[in-house]
Amino acid sequence: MVRVVLAALLSIALVVDVAQAQEATPPAPERIAAAFEAALDNHDPERAATFLAEDARALVPNPLQGRNAITQFLIGRYAADTTIEVTEYAANGPRVTWMTRVTNGLHLQFNWDEAVIVDSRIALWSERAVDQAVVVMPEFQPARTLGPYLTSLDDGVDVPGRAAGPVGPRLRWWLVLVGALSGVTGGVLFGVWRERYHPPRGRPTRQDGHLFRGLRDWHESATALSTRRTPAYNAARGHGPPASRNPRRYPDT
């Protein structure tokens with residue numbers, strides 16, 4: 001039982017360690033880009049700006065320098081009726097590329113987008129219109145549906161490395177608690193089952209030898225019964241010397 005409790009405590013420690021490791025893991029570059037486009041598709045340029053570095057640059061196609069300048073561009077570029085659809089994000093190290101289909105009223109535009117992620121922030125964002133026919137049209141999805149969960153800034157303070165991270169589903173504390181309780185409950189139930197039905201060798205059981213004595217009595221009664229059989233019956237089952245097949249007796253000559 002002690003080993004079961006120790007195993008349950010070890011499982012709790014492992015769950016907590018995994019949760020802490022997930023919290024400390026920096027977000028993947030493609031998740032930063034997905035969260036940026038999702039904020040734009042949700043008509044929240046201020047939130048999208050939190051993913052930009054303070055000295056970020058943008059080529060859209062005119063060059064812009066600094067977070068404030070890019071934020072003003074985003075506010076004027078994406079109106080309330082604008083929808084953004086994106087293709088799958090392709091990451092190559094810190095560089096992420098994708099396509100966007102921007103619909104603004106009756107106007108439809110296809111763009112090639114590229115972002116360079118440094119310290120969980122977008123340091124460079126470029127966007128250029130597709131100026132040639134696309135042979136195979138890729139599959140587009142609404143950008144807001146691909147936006148991962150992320151934590152917000154602490155009271156609006158610019159904390160390097162935390163503004164856009166961690167991105168992705170976080171392991172909630174109550175999930176850790178549920179996992180820990182499940183591990184403890186399962187360990188206790190397994191310990192009770194093992195002690196009841198599979199006790200360690202060398203320890204007395206609740207049967208106290210009744211099963212062994214019952215088997216021994218049954219064997220003795222069966223043996224006593226076999227000895228009361230006829231010689232032919234016993235001979236056929238190997239309980240005595242073979243009986244003569246011809247019971248007639250011949251006189252001695």
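Filtered by the rule that a residue be under 28 Å from the mean Cα position of the chain (by Cα) and assigned to a strand (DSSP E or B), the stretch 86-106 gives 86, 90, 91, 92, 95, 96, 97, 98. Put simply, of 181, 124, 171, 177 the only residue that is surrounded by 12 or more Cβ atoms within 10 Å (Cβ to Cβ) and either modelled with pLDDT under 65 or touching a Pro at 6+ places or on another chain (Cβ under 8 Å) (or both) is 171.
Restricting attention to the stretch 78-106 and to residues that are under 14 Å from residue 36 (Cα atoms) and aliphatic (A, V, I, L, M), the residue that is surrounded by the most Cβ atoms within 10 Å (Cβ to Cβ) turns out to be 86. Within the stretch 38-52, can one find any residue that is in contact with a Pro (Cβ under 6 Å, 6 or more places away or on another chain) and farther than 16 Å from residue 118 by Cβ? No, the conditions are met nowhere in the stretch 38-52. Has the stretch 87-105 got at least one residue that is acidic (Asp, Glu) and either at pLDDT 95 or above or within 30 Å of residue 182 (Cα to Cα) (or both)? There is no residue in the stretch 87-105 that is acidic (Asp, Glu) and either at pLDDT 95 or above or within 30 Å of residue 182 (Cα to Cα) (or both). Set side by side, the residues 138, 148 differ, and just one is closer than 15 Å to residue 38 by Cα and either at pLDDT 60 or above or of a type in the set (Val, Ile, Thr) (or both), which is 148.
Checking each residue of the stretch 50-66 against the condition of being in a helix (DSSP H, G or I), surrounded by 15 or more Cβ atoms within 10 Å (Cβ to Cβ) and at pLDDT 60 or above gives no match.
The values are calculated or read from the model by the stated rules, or taken from the named source; none is laboratory data. The model shown is predicted, which means the values in this text are computed figures rather than measured ones. Neighbour counts are summed over all protein chains in view; Cβ atoms, including those assigned to glycine, are modelled from backbone coordinates with ideal geometry.
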